[in-house]
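All remarks here apply to the structure that follows.
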Amino acid sequence: MTQPSHKPRVLLGITGSVAAYKAVDLIQKLKPLVEVKVVLTDAGSKLVPLKALEKASGSPVWTSLFKGSTPIAPGTPSGSHPLAVVPHIEYAKSADLVLIAPTTADFLAKLSVGMADDLLSTLCLYATCPIWVAPAMNVKMWNHPAVVQNAATLRSRGVRFLGPESGHLACGEVGDGRFAEPSEIAGQVQSYFENFNRWAGKKVLVTAGPTQEPIDPVRVISNHSSGKMGYALAQAALNRGAEVVLVTGPTRLTPPVGVTVVKVKTASEMHRQVMKHLPKMNVMVMAAAVADYRVKSISPIKIKKSQDELSLRLVKNSDILGEVLKKRKPTQKVVGFAAETDHLCENASAKWKRKPSDLLVANQVGGKQSAFENDQNELLVFSRKRAKPVVLKKDFKSKLAEKILDLLDE
Ligand code: PMT
(Lines give C-alpha, C1' and ligand atoms only; values in the text may rest on other atoms or scores of the structure.)
Protein backbone atom coordinates (compact mmCIF):
# COMPACT_ATOMS: atom_id res chain seq x y z
CA MET A 1 0.00 0.00 0.00
CA THR A 2 1.28 3.50 -0.73
CA GLN A 3 0.55 6.77 1.01
CA PRO A 4 -2.19 8.75 -0.76
CA SER A 5 -0.78 11.75 -2.65
CA HIS A 6 -4.04 13.67 -2.03
CA LYS A 7 -5.50 14.75 1.31
CA PRO A 8 -6.54 11.37 2.77
CA ARG A 9 -10.23 10.57 2.26
CA VAL A 10 -12.13 9.14 5.19
CA LEU A 11 -15.63 7.78 4.89
CA LEU A 12 -17.08 8.20 8.38
CA GLY A 13 -20.00 5.92 9.22
CA ILE A 14 -22.15 6.87 12.20
CA THR A 15 -24.44 4.21 13.63
CA GLY A 16 -27.15 4.22 16.30
CA SER A 17 -25.22 4.30 19.55
CA VAL A 18 -25.84 6.92 22.23
CA ALA A 19 -22.24 7.98 21.63
CA ALA A 20 -23.33 9.23 18.17
CA TYR A 21 -23.65 12.69 19.71
CA LYS A 22 -19.84 12.74 19.97
CA ALA A 23 -19.57 12.37 16.18
CA VAL A 24 -19.72 16.15 15.69
CA ASP A 25 -16.67 16.56 17.91
CA LEU A 26 -14.94 13.71 16.07
CA ILE A 27 -15.61 15.33 12.68
CA GLN A 28 -14.25 18.64 13.94
CA LYS A 29 -11.07 16.88 15.05
CA LEU A 30 -10.73 14.94 11.79
CA LYS A 31 -11.43 17.85 9.44
CA PRO A 32 -8.01 19.55 9.69
CA LEU A 33 -6.34 16.19 9.02
CA VAL A 34 -8.40 14.46 6.35
CA GLU A 35 -11.31 14.92 3.96
CA VAL A 36 -14.43 13.57 5.69
CA LYS A 37 -17.64 12.35 4.11
CA VAL A 38 -20.34 11.16 6.46
CA VAL A 39 -22.73 8.25 6.08
CA LEU A 40 -25.45 8.14 8.73
CA THR A 41 -27.51 5.03 9.39
CA ASP A 42 -31.21 5.22 10.07
CA ALA A 43 -30.66 4.46 13.78
CA GLY A 44 -27.85 7.01 13.92
CA SER A 45 -30.20 9.68 12.56
CA LYS A 46 -32.40 9.21 15.65
CA LEU A 47 -29.50 10.20 17.89
CA VAL A 48 -27.61 12.98 16.16
CA PRO A 49 -29.09 15.73 13.99
CA LEU A 50 -28.11 15.38 10.35
CA LYS A 51 -27.81 19.16 10.06
CA ALA A 52 -25.17 19.28 12.81
CA LEU A 53 -23.13 16.65 10.96
CA GLU A 54 -23.47 18.53 7.68
CA LYS A 55 -22.37 21.73 9.35
CA ALA A 56 -19.36 20.07 10.96
CA SER A 57 -18.28 18.16 7.85
CA GLY A 58 -19.11 20.94 5.39
CA SER A 59 -20.76 18.53 2.96
CA PRO A 60 -24.01 16.61 2.54
CA VAL A 61 -24.50 13.61 4.79
CA TRP A 62 -25.44 10.45 2.92
CA THR A 63 -28.21 8.38 4.42
CA SER A 64 -29.83 6.36 1.71
CA LEU A 65 -28.62 3.79 -0.71
CA PHE A 66 -31.13 4.84 -3.32
CA LYS A 67 -31.17 8.63 -2.95
CA GLY A 68 -30.26 10.13 -6.30
CA SER A 69 -31.07 6.97 -8.19
CA THR A 70 -34.15 6.28 -10.28
CA PRO A 71 -35.71 2.96 -11.22
CA ILE A 72 -33.82 1.43 -14.11
CA ALA A 73 -35.78 1.63 -17.33
CA PRO A 74 -36.10 -1.61 -19.24
CA GLY A 75 -33.48 -1.82 -21.95
CA THR A 76 -30.93 0.44 -20.17
CA PRO A 77 -27.46 -0.82 -21.22
CA SER A 78 -25.60 -2.46 -18.34
CA GLY A 79 -22.98 -0.20 -16.68
CA SER A 80 -24.88 2.98 -17.52
CA HIS A 81 -27.67 2.72 -14.95
CA PRO A 82 -27.88 5.50 -12.36
CA LEU A 83 -26.33 3.60 -9.38
CA ALA A 84 -23.04 3.44 -11.27
CA VAL A 85 -22.57 7.20 -10.81
CA VAL A 86 -24.17 7.77 -7.40
CA PRO A 87 -21.57 9.93 -5.59
CA HIS A 88 -21.34 7.96 -2.35
CA ILE A 89 -20.57 4.77 -4.28
CA GLU A 90 -17.87 6.67 -6.17
CA TYR A 91 -16.51 7.96 -2.87
CA ALA A 92 -16.34 4.48 -1.32
CA LYS A 93 -14.28 3.45 -4.34
CA SER A 94 -11.67 6.14 -3.69
CA ALA A 95 -11.78 6.32 0.14
CA ASP A 96 -8.47 5.71 1.92
CA LEU A 97 -10.15 4.64 5.14
CA VAL A 98 -13.64 3.68 6.28
CA LEU A 99 -14.08 4.63 9.91
CA ILE A 100 -17.28 3.62 11.68
CA ALA A 101 -17.53 5.59 14.87
CA PRO A 102 -19.49 4.81 16.91
CA THR A 103 -20.21 1.23 15.91
CA THR A 104 -23.15 -0.61 17.46
CA ALA A 105 -23.39 -4.33 18.21
CA ASP A 106 -25.95 -4.48 15.41
CA PHE A 107 -23.53 -3.00 12.90
CA LEU A 108 -20.69 -5.31 13.99
CA ALA A 109 -23.05 -8.22 13.31
CA LYS A 110 -23.93 -6.87 9.88
CA LEU A 111 -20.32 -6.34 8.99
CA SER A 112 -19.26 -9.77 10.20
CA VAL A 113 -21.79 -11.61 8.01
CA GLY A 114 -21.46 -9.22 5.07
CA MET A 115 -25.00 -7.85 5.07
CA ALA A 116 -25.78 -4.99 2.71
CA ASP A 117 -29.24 -3.77 3.66
CA ASP A 118 -28.47 -0.08 4.03
CA LEU A 119 -26.03 2.44 2.60
CA LEU A 120 -23.23 2.06 5.16
CA SER A 121 -23.17 -1.75 5.18
CA THR A 122 -23.24 -1.76 1.37
CA LEU A 123 -20.34 0.68 1.15
CA CYS A 124 -18.33 -1.43 3.58
CA LEU A 125 -18.59 -4.34 1.15
CA TYR A 126 -17.75 -2.08 -1.73
CA ALA A 127 -14.73 -0.32 -0.23
CA THR A 128 -11.29 -1.86 -0.74
CA CYS A 129 -9.49 0.36 1.80
CA PRO A 130 -8.99 -0.58 5.49
CA ILE A 131 -12.06 -0.54 7.76
CA TRP A 132 -11.80 0.65 11.34
CA VAL A 133 -14.55 0.46 13.96
CA ALA A 134 -14.94 2.24 17.28
CA PRO A 135 -17.52 0.20 19.19
CA ALA A 136 -19.77 1.84 21.79
CA MET A 137 -22.35 -0.15 23.69
CA ASN A 138 -23.42 -1.51 27.05
CA VAL A 139 -20.86 -3.75 28.80
CA LYS A 140 -23.19 -6.76 28.75
CA MET A 141 -23.71 -6.35 25.03
CA TRP A 142 -19.97 -6.04 24.40
CA ASN A 143 -19.32 -9.20 26.41
CA HIS A 144 -22.18 -11.18 24.85
CA PRO A 145 -20.77 -14.30 23.16
CA ALA A 146 -22.37 -13.30 19.83
CA VAL A 147 -20.69 -9.89 19.88
CA VAL A 148 -17.39 -11.41 21.03
CA GLN A 149 -17.56 -13.84 18.11
CA ASN A 150 -18.47 -11.13 15.59
CA ALA A 151 -15.60 -8.95 16.81
CA ALA A 152 -13.18 -11.89 16.50
CA THR A 153 -14.39 -12.58 12.95
CA LEU A 154 -13.89 -8.95 11.98
CA ARG A 155 -10.44 -8.82 13.57
CA SER A 156 -9.41 -11.95 11.73
CA ARG A 157 -10.46 -10.18 8.55
CA GLY A 158 -8.20 -7.23 9.35
CA VAL A 159 -10.78 -4.78 10.71
CA ARG A 160 -9.09 -2.57 13.27
CA PHE A 161 -10.83 -1.86 16.58
CA LEU A 162 -10.36 1.48 18.33
CA GLY A 163 -11.57 0.69 21.85
CA PRO A 164 -14.00 0.26 23.36
CA GLU A 165 -12.63 1.70 26.55
CA SER A 166 -13.52 0.85 30.07
CA GLY A 167 -15.36 3.22 32.38
CA HIS A 168 -18.75 4.82 33.05
CA LEU A 169 -21.25 4.03 30.32
CA ALA A 170 -24.23 6.09 29.15
CA CYS A 171 -26.61 3.53 30.70
CA GLY A 172 -25.13 4.14 34.16
CA GLU A 173 -23.21 0.88 34.29
CA VAL A 174 -19.44 0.64 34.53
CA GLY A 175 -17.26 -1.60 32.36
CA ASP A 176 -15.99 -2.13 28.82
CA GLY A 177 -18.04 -0.54 26.07
CA ARG A 178 -17.20 3.16 26.27
CA PHE A 179 -16.67 4.98 22.99
CA ALA A 180 -13.00 5.87 22.55
CA GLU A 181 -12.38 9.60 22.99
CA PRO A 182 -12.74 11.54 19.70
CA SER A 183 -9.25 12.99 20.22
CA GLU A 184 -7.87 9.45 20.57
CA ILE A 185 -9.65 8.28 17.39
CA ALA A 186 -8.51 11.35 15.44
CA GLY A 187 -4.96 10.81 16.76
CA GLN A 188 -4.95 7.24 15.46
CA VAL A 189 -6.19 8.39 12.06
CA GLN A 190 -3.53 11.10 11.95
CA SER A 191 -0.72 8.74 12.87
CA TYR A 192 -1.95 6.17 10.37
CA PHE A 193 -1.66 8.59 7.46
CA GLU A 194 1.40 10.47 8.70
CA ASN A 195 3.49 7.42 9.40
CA PHE A 196 2.37 5.27 6.52
CA ASN A 197 5.15 2.80 5.69
CA ARG A 198 7.83 4.91 7.38
CA TRP A 199 9.19 1.73 8.92
CA ALA A 200 8.43 -0.60 6.03
CA GLY A 201 10.93 -3.47 6.00
CA LYS A 202 11.83 -3.01 9.68
CA LYS A 203 11.41 -5.81 12.18
CA VAL A 204 10.37 -4.72 15.65
CA LEU A 205 10.03 -6.76 18.82
CA VAL A 206 7.93 -5.38 21.68
CA THR A 207 7.62 -6.94 25.12
CA ALA A 208 4.43 -6.15 27.01
CA GLY A 209 2.41 -6.96 30.08
CA PRO A 210 3.36 -8.58 33.34
CA THR A 211 5.11 -11.87 33.95
CA GLN A 212 3.74 -14.49 36.34
CA GLU A 213 6.12 -16.47 38.53
CA PRO A 214 4.47 -19.59 39.92
CA ILE A 215 4.53 -20.33 43.66
CA ASP A 216 2.55 -23.56 43.41
CA PRO A 217 0.11 -24.93 40.79
CA VAL A 218 -2.51 -22.27 41.64
CA ARG A 219 -0.65 -19.14 42.80
CA VAL A 220 1.68 -16.69 41.12
CA ILE A 221 3.77 -13.61 41.89
CA SER A 222 2.92 -10.89 39.40
CA ASN A 223 2.36 -7.13 39.04
CA HIS A 224 -0.27 -4.65 37.85
CA SER A 225 0.86 -4.22 34.25
CA SER A 226 -2.12 -4.33 31.89
CA GLY A 227 -0.04 -4.49 28.73
CA LYS A 228 -1.60 -1.26 27.40
CA MET A 229 1.70 0.58 26.94
CA GLY A 230 3.38 -2.32 25.16
CA TYR A 231 0.37 -3.06 22.95
CA ALA A 232 0.18 0.64 22.01
CA LEU A 233 3.85 0.50 21.00
CA ALA A 234 3.22 -2.62 18.92
CA GLN A 235 0.32 -0.84 17.20
CA ALA A 236 2.43 2.28 16.60
CA ALA A 237 5.19 0.20 14.98
CA LEU A 238 2.56 -1.58 12.90
CA ASN A 239 1.11 1.80 11.84
CA ARG A 240 4.54 2.61 10.41
CA GLY A 241 4.52 -0.53 8.32
CA ALA A 242 6.96 -2.53 10.46
CA GLU A 243 6.78 -6.29 10.96
CA VAL A 244 6.02 -6.66 14.65
CA VAL A 245 6.59 -9.49 17.10
CA LEU A 246 4.75 -8.95 20.38
CA VAL A 247 6.12 -11.02 23.25
CA THR A 248 3.42 -10.66 25.82
CA GLY A 249 2.78 -11.75 29.36
CA PRO A 250 -0.82 -12.57 30.35
CA THR A 251 -3.19 -9.63 29.65
CA ARG A 252 -6.88 -9.06 28.94
CA LEU A 253 -6.07 -7.15 25.76
CA THR A 254 -6.62 -8.18 22.17
CA PRO A 255 -3.35 -7.84 20.25
CA PRO A 256 -3.33 -5.50 17.24
CA VAL A 257 -4.30 -7.28 14.03
CA GLY A 258 -1.19 -8.06 12.03
CA VAL A 259 1.35 -8.58 14.80
CA THR A 260 2.94 -11.96 15.49
CA VAL A 261 1.96 -12.76 19.04
CA VAL A 262 4.18 -14.82 21.31
CA LYS A 263 2.46 -15.56 24.60
CA VAL A 264 4.60 -16.17 27.64
CA LYS A 265 4.00 -16.37 31.37
CA THR A 266 7.28 -16.33 33.25
CA ALA A 267 10.32 -14.08 32.94
CA SER A 268 12.35 -17.13 31.87
CA GLU A 269 9.94 -17.81 28.99
CA MET A 270 10.06 -14.15 27.98
CA HIS A 271 13.85 -14.22 28.15
CA ARG A 272 13.98 -17.29 25.86
CA GLN A 273 11.63 -15.79 23.29
CA VAL A 274 13.34 -12.39 23.24
CA MET A 275 16.77 -13.98 22.76
CA LYS A 276 15.42 -16.25 20.03
CA HIS A 277 14.06 -13.30 18.01
CA LEU A 278 16.85 -10.80 18.78
CA PRO A 279 19.19 -11.63 15.85
CA LYS A 280 16.53 -10.75 13.22
CA MET A 281 15.21 -7.55 14.80
CA ASN A 282 15.98 -3.94 13.91
CA VAL A 283 14.28 -2.49 16.99
CA MET A 284 13.67 -3.95 20.46
CA VAL A 285 11.18 -2.22 22.77
CA MET A 286 11.18 -3.61 26.30
CA ALA A 287 7.93 -2.36 27.84
CA ALA A 288 7.07 -5.50 29.83
CA ALA A 289 7.03 -5.40 33.60
CA VAL A 290 9.31 -8.38 34.18
CA ALA A 291 9.60 -10.00 37.59
CA ASP A 292 13.11 -9.54 38.95
CA TYR A 293 12.80 -12.68 41.08
CA ARG A 294 11.16 -16.09 40.85
CA VAL A 295 10.41 -18.72 43.48
CA LYS A 296 13.38 -21.05 43.90
CA SER A 297 11.40 -24.22 44.54
CA ILE A 298 7.89 -24.22 43.11
CA SER A 299 5.67 -26.45 45.20
CA PRO A 300 4.26 -29.28 43.04
CA ILE A 301 1.04 -29.23 45.11
CA LYS A 302 -1.10 -26.40 46.48
CA ILE A 303 0.56 -24.99 49.62
CA LYS A 304 -1.72 -25.59 52.61
CA LYS A 305 -2.46 -22.76 55.04
CA SER A 306 -1.31 -24.76 58.03
CA GLN A 307 1.40 -22.30 59.18
CA ASP A 308 0.89 -18.73 60.46
CA GLU A 309 3.90 -17.55 58.51
CA LEU A 310 5.28 -18.71 55.24
CA SER A 311 8.63 -17.84 53.67
CA LEU A 312 9.39 -18.13 49.99
CA ARG A 313 12.97 -18.24 48.82
CA LEU A 314 13.40 -16.17 45.67
CA VAL A 315 16.18 -16.23 43.10
CA LYS A 316 17.07 -13.59 40.57
CA ASN A 317 15.68 -13.80 37.03
CA SER A 318 17.84 -13.02 34.01
CA ASP A 319 17.98 -9.35 33.18
CA ILE A 320 16.53 -9.51 29.65
CA LEU A 321 17.17 -5.88 28.76
CA GLY A 322 20.73 -6.10 30.10
CA GLU A 323 21.46 -9.17 27.96
CA VAL A 324 19.84 -7.62 24.86
CA LEU A 325 22.12 -4.60 25.27
CA LYS A 326 25.17 -6.83 25.57
CA LYS A 327 24.32 -9.01 22.57
CA ARG A 328 22.84 -6.50 20.15
CA LYS A 329 24.58 -5.46 16.94
CA PRO A 330 25.42 -1.73 16.66
CA THR A 331 22.64 -1.30 14.06
CA GLN A 332 19.94 -2.66 16.39
CA LYS A 333 18.09 -0.03 18.39
CA VAL A 334 16.88 -0.74 21.90
CA VAL A 335 14.27 1.03 24.02
CA GLY A 336 14.32 0.27 27.73
CA PHE A 337 11.74 1.30 30.32
CA ALA A 338 12.03 2.26 33.96
CA ALA A 339 9.09 2.00 36.34
CA GLU A 340 9.75 3.92 39.55
CA THR A 341 7.68 4.70 42.63
CA ASP A 342 9.94 7.57 43.73
CA HIS A 343 12.71 9.94 42.59
CA LEU A 344 11.77 9.19 38.99
CA CYS A 345 14.47 11.24 37.31
CA GLU A 346 17.37 10.16 39.56
CA ASN A 347 16.44 6.48 39.67
CA ALA A 348 15.73 6.26 35.94
CA SER A 349 18.91 8.13 35.11
CA ALA A 350 20.93 5.69 37.24
CA LYS A 351 19.18 2.76 35.51
CA TRP A 352 20.05 4.26 32.12
CA LYS A 353 23.71 4.54 33.09
CA ARG A 354 23.74 0.86 34.06
CA LYS A 355 21.81 -0.17 30.95
CA PRO A 356 22.52 2.41 28.23
CA SER A 357 19.71 1.80 25.73
CA ASP A 358 19.08 4.23 22.83
CA LEU A 359 16.02 5.47 24.71
CA LEU A 360 15.08 4.95 28.34
CA VAL A 361 11.40 5.62 28.95
CA ALA A 362 10.69 6.37 32.60
CA ASN A 363 7.31 6.44 34.29
CA GLN A 364 5.83 6.63 37.76
CA VAL A 365 4.13 3.56 39.20
CA GLY A 366 2.09 3.28 42.37
CA GLY A 367 -0.42 5.86 43.60
CA LYS A 368 -3.35 7.42 41.73
CA GLN A 369 -1.36 8.50 38.69
CA SER A 370 0.29 5.10 38.27
CA ALA A 371 1.42 4.21 34.77
CA PHE A 372 0.02 0.74 35.41
CA GLU A 373 -3.42 -0.01 33.92
CA ASN A 374 -4.42 3.56 33.03
CA ASP A 375 -5.21 4.50 29.42
CA GLN A 376 -3.05 7.59 29.85
CA ASN A 377 0.47 8.07 31.09
CA GLU A 378 3.18 10.70 31.34
CA LEU A 379 6.78 9.98 30.56
CA LEU A 380 10.32 11.16 30.95
CA VAL A 381 12.45 9.95 28.05
CA PHE A 382 16.23 9.82 28.12
CA SER A 383 17.65 9.81 24.61
CA ARG A 384 21.23 9.51 23.42
CA LYS A 385 20.39 12.21 20.88
CA ARG A 386 19.28 14.74 23.50
CA ALA A 387 21.26 16.55 26.14
CA LYS A 388 18.29 16.61 28.53
CA PRO A 389 15.47 14.14 29.17
CA VAL A 390 12.28 14.87 27.20
CA VAL A 391 9.04 15.29 29.14
CA LEU A 392 6.06 13.73 27.38
CA LYS A 393 3.01 15.24 29.06
CA LYS A 394 -0.03 13.21 30.10
CA ASP A 395 -1.65 11.67 27.04
CA PHE A 396 -3.14 8.45 25.73
CA LYS A 397 -0.65 5.60 25.60
CA SER A 398 -1.27 5.33 21.85
CA LYS A 399 -0.15 8.94 21.37
CA LEU A 400 2.85 8.48 23.66
CA ALA A 401 3.82 5.34 21.77
CA GLU A 402 3.99 7.36 18.54
CA LYS A 403 6.13 9.99 20.26
CA ILE A 404 8.52 7.36 21.62
CA LEU A 405 9.00 5.96 18.11
CA ASP A 406 9.47 9.50 16.77
CA LEU A 407 12.26 10.04 19.32
CA LEU A 408 13.86 6.79 18.23
CA ASP A 409 13.83 8.08 14.65
CA GLU A 410 15.86 11.20 15.52
O1 PMT B 1 1.24 -2.36 31.03
P2 PMT B 1 0.68 -1.03 31.47
O3 PMT B 1 -0.41 -1.20 32.50
O4 PMT B 1 0.28 -0.17 30.33
O5 PMT B 1 1.85 -0.26 32.26
C6 PMT B 1 2.96 0.18 31.56
C7 PMT B 1 4.28 -0.11 32.32
C8 PMT B 1 4.29 0.68 33.61
C9 PMT B 1 4.42 -1.60 32.62
C10 PMT B 1 5.45 0.33 31.36
O11 PMT B 1 5.29 1.68 31.00
C12 PMT B 1 6.80 0.12 32.02
O13 PMT B 1 7.29 0.94 32.75
N14 PMT B 1 7.42 -1.06 31.77
C15 PMT B 1 8.67 -1.51 32.42
C16 PMT B 1 8.34 -2.03 33.79
C17 PMT B 1 9.57 -2.54 34.53
O18 PMT B 1 9.72 -3.73 34.67
O19 PMT B 1 10.41 -1.61 34.87
P20 PMT B 1 11.80 -1.87 35.66
O21 PMT B 1 12.27 -0.54 36.04
O22 PMT B 1 11.60 -2.88 36.75
O23 PMT B 1 12.72 -2.53 34.56
C24 PMT B 1 13.58 -1.78 33.73
C25 PMT B 1 13.67 -2.39 32.36
O26 PMT B 1 14.27 -3.68 32.45
C27 PMT B 1 12.36 -2.59 31.64
O28 PMT B 1 12.54 -2.30 30.26
C29 PMT B 1 12.06 -4.07 31.84
O30 PMT B 1 11.29 -4.61 30.74
C31 PMT B 1 13.46 -4.65 31.85
N32 PMT B 1 13.63 -5.88 32.67
C33 PMT B 1 13.32 -5.90 33.99
C34 PMT B 1 13.56 -7.05 34.71
C35 PMT B 1 14.12 -8.17 34.07
N36 PMT B 1 14.34 -9.29 34.74
N37 PMT B 1 14.42 -8.12 32.78
C38 PMT B 1 14.19 -6.98 32.06
O39 PMT B 1 14.47 -6.94 30.87
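Quick notes on this structure:
- Restraint check, Lys31/Lys51; Lys203/Lys403; Lys327/Lys353; Lys265/Lys351, Cα-Cα greater than 22 Å: Lys265/Lys351
- For the range 110-193: rounded, prolate or oblate by the Cα gyration tensor [a/c cutoff 1.5]: oblate
- Set of the range 247-287 residues, backbone N closer than 12 Å to the point 7 Å along the Cα-Cβ line of Glu323: 267-278
- Mean ellipticity per residue at 222 nm, deg cm²/dmol - from DSSP H runs of n ≥ 4 across the chain, formula -39500 (n - 2.57): -9000 deg cm²/dmol
- For the range 184-321: accessible area per residue (Å², 1.4 Å): 49
- With K and R counted +1 and D and E -1, the other residues having a Cβ less than 12 Å from that of Ser383 yield a net charge of +2.
- To put it simply, the accessible area of the chain at a 1.4 Å probe is 55 percent carbon and sulfur.
- Lysines whose Cα lies under 22 Å from that of Lys46, excluding same-chain neighbours fewer than 8 positions away: Lys22, Lys37, Lys55, Lys67, Lys110
- Among His271, His343, the sequence by solvent-accessible area, most first, with a 1.4 Å probe is His343, His271.
- Under 13 Å, Cβ to Cβ, from Glu54 - net charge with Lys/Arg +1 and Asp/Glu -1: +4
- Other residues lying with their Cβ under 12 Å from the Cβ of Arg252 contribute a combined charge of -1, Lys and Arg counting +1, Asp and Glu -1.
- Using R0 = 51 Å, the C-beta based FRET efficiency linking Lys368 and Leu125 works out to 0.65.
- Area of Arg384 that stays accessible when all protein chains are in place (1.4 Å probe, Å², to 10): 140
- Comparing Cys345, Cys124, Cys171 in a Gaussian network model of the chain where C-alpha atoms under 10 Å apart are linked, the largest mean-square fluctuation is found at Cys171.
- For Ile303, Ile298, the ranking by accessible surface with the largest value first comes to Ile298, Ile303, using a 1.4 Å probe.
- Its Cα centre serving as origin, the chain has a Cβ charge dipole (Lys and Arg +1, Asp and Glu -1) of approximately 1380 debye.
- Shape category assigned to the range 297-371 from the gyration tensor of Cα positions, a/c cut at 1.5: oblate
- Between the range 1-61 and the range 152-172, the alpha-carbon center distance in angstrom: 19
The values are calculated or read from the model by the stated rules, or taken from the named source; none is laboratory data. Source: prediction; values computed, not measured. Cβ: placed from backbone, ideal geometry, glycine included. Neighbour counts: every protein chain shown. Accessible surface is based on the protein model in full, side chains and every heavy atom, while ligands, DNA and RNA are left aside. Shrake-Rupley method; radii C 1.70, N 1.55, O 1.52, S 1.80 Å.
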